[in-house]
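J.: First, the structure itself, so that you have it in front of you.
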Amino acid sequence: MSACPCCGFREGTGSPVEIGKTIRLTRKERALFAIFAGNFGKFLSAGEIVDVLYADDPDGGPEMAENSLSVGMRNFKEKIRARGLDIDVKLGRGGGRRMTWAKTGRAAKK
């Protein structure tokens, strides 16, 4: 398996945190990545994610923060899929979003 010529990334190698260092992300995407990588494999509700994203905001973030989260996920997912990670979605009780390895869909150990 050859490495990427610009960053040296080899698919399937490294921990999510190490992989995250090789991805060009916006400030909000970087915060999202930290939340998901820190809870790798664990389903997080939109409310839990928003609470962490806007923890420093005295108003708790924008009124429609959960909707904004859904809209922003598309670009974020494309970026992390290019590095072998994905965001898995589970609807219903106990559901939410979680970071997994893209090809297996499994939440392997960190």
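J.: Does at least one position in segment 76-87 carry a residue that is loosely packed, with under 15 Cβ neighbours inside 10 Å and at pLDDT below 90? Please lay out each step first, then the result.
T.: From segment 76-87, those loosely packed, with under 15 Cβ neighbours inside 10 Å are 78, 81-82; that's our starting set.
This time we only want the ones that are at pLDDT below 90, so: 82.
Among the residues of segment 76-87, at least one is loosely packed, with under 15 Cβ neighbours inside 10 Å and at pLDDT below 90, which makes the answer yes.
J.: Still on this structure: Suppose we filter segment 47-64 for residues that are buried (at least 16 other Cβ atoms within 10 Å of the Cβ) and closer than 19 Å to L91 by Cβ; how many remain?
T.: Counting residues in segment 47-64 that are buried (at least 16 other Cβ atoms within 10 Å of the Cβ) and closer than 19 Å to L91 by Cβ gives 2.
J.: Taking segment 42-68 only, how many residues are part of a helix (DSSP H, G or I) and under 22 Å from W101 (Cβ atoms)?
T.: 2
J.: Also, I was wondering about something else. List pairs: first residue in segment 8-22 and farther than 15 Å from A37 by Cβ and surrounded by 13 or more Cβ atoms within 10 Å (Cβ to Cβ), second residue charged (D, E, K, R) and modelled with pLDDT of 60 or more anywhere in the structure, Cβ distance under 7 angstrom, at least six positions apart or on different chains.
T.: Once the first residue is farther than 15 Å from A37 by Cβ and surrounded by 13 or more Cβ atoms within 10 Å (Cβ to Cβ) and sits in segment 8-22, its partners that are charged (D, E, K, R) and modelled with pLDDT of 60 or more give F9/R83.
J.: Being of a type outside the set (A, V, I, L, M, F, W, C), in contact (Cβ under 8 Å) with a residue 24 or more places away in the chain, out of contact with any Ser or Thr (no Cβ under 6 Å at 6 or more places or on another chain) and not in a helix (DSSP H, G or I): is that true of R83 here?
T.: Values: of a type outside the set (A, V, I, L, M, F, W, C): yes; in contact (Cβ under 8 Å) with a residue 24 or more places away in the chain: yes; out of contact with any Ser or Thr (no Cβ under 6 Å at 6 or more places or on another chain): yes; not in a helix (DSSP H, G or I): yes.
Considered against the rule, which asks whether it is of a type outside the set (A, V, I, L, M, F, W, C), in contact (Cβ under 8 Å) with a residue 24 or more places away in the chain, out of contact with any Ser or Thr (no Cβ under 6 Å at 6 or more places or on another chain) and not in a helix (DSSP H, G or I), R83 comes out as yes.
J.: Among (1) touching a strand residue (DSSP E or B) at 6+ places or on another chain (Cβ under 7 Å); (2) of a type outside the set (F, W, Y); (3) in a loop (DSSP other than H, G, I, E, B), there is one condition R97 misses while meeting the rest; what is its number?
T.: Unmet for R97, out of (1) touching a strand residue (DSSP E or B) at 6+ places or on another chain (Cβ under 7 Å); (2) of a type outside the set (F, W, Y); (3) in a loop (DSSP other than H, G, I, E, B): (3).
The values are calculated or read from the model by the stated rules, or taken from the named source; none is laboratory data. In this text, all values refer to a predicted model and were calculated from it rather than measured experimentally. Here the Cβ is made from the backbone with ideal geometry for all residues, glycine too, and neighbour counts use every protein chain on show.
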